[in-house]
Amino acid sequence: MTDPVHEAHVQRALAGMAAGSLPAAEELYDLMGRWVFALTMLITGRQPCADDATIATFVHLWRYADQRPDDASATGWILKVAATRASAEMAGTPGAQGTEGTGHEPGL
């Protein structure tokens with residue numbers, strides 16, 4: 001379970017990112033970057049892949065921050081995006097780094 005205070009900060013930063021705020025994106029990275037990297041490292045087992053998946057996660061969040069499912073916590077959704085990106089990285093899926101033509105659903 002996520003700390004409610006942390007979750008509130010993540011939600012606020014994600015909402016700011018959805019509005020195009022670069023400072024909010026920086027805050028979100030400060031709040032979640034270590035968690036995202038740890039999860040992608042756990043899934044991929046390789047730092048270069050985890051680095052790429054972490055970058056792809058934050059690119060996805062920047063593009064689709066306004067599309068978080070209503071029933072998902074901000075932290076849970078971000079970690080789901082990270083897990084999906086890490087899995088795509090391991091599978092060698094084109095667009096795993098968040099480039100156009102991925103064929104993914106924005107909300108993941």
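Only one of (1) modelled with pLDDT under 95; (2) assigned to a helix (DSSP H, G or I); (3) open to solvent by 50 Å² or more (accessible area, probe 1.4 Å); (4) touching an Asp or Glu at 6+ places or on another chain (Cβ under 9 Å) is not met by GLN97, so which one is it?
Here GLN97 clears every test but (2).
Could you count how many residues in the range 63-95 are under 14 Å from the mean Cα position of the chain (by Cα) and in contact (Cβ under 8 Å) with a residue 40 or more places away in the chain?
Total satisfying the criteria: 18.
The values are calculated or read from the model by the stated rules, or taken from the named source; none is laboratory data. Note that the structure is a prediction, hence the values are computed from the model and not measured. No Cβ is skipped: glycine too gets one built from the backbone with ideal geometry, and neighbour counts run over all protein chains shown. Remember, those area values only see protein heavy atoms, side chains included, never the ligands or the DNA or RNA. Shrake-Rupley method; radii C 1.70, N 1.55, O 1.52, S 1.80 Å.
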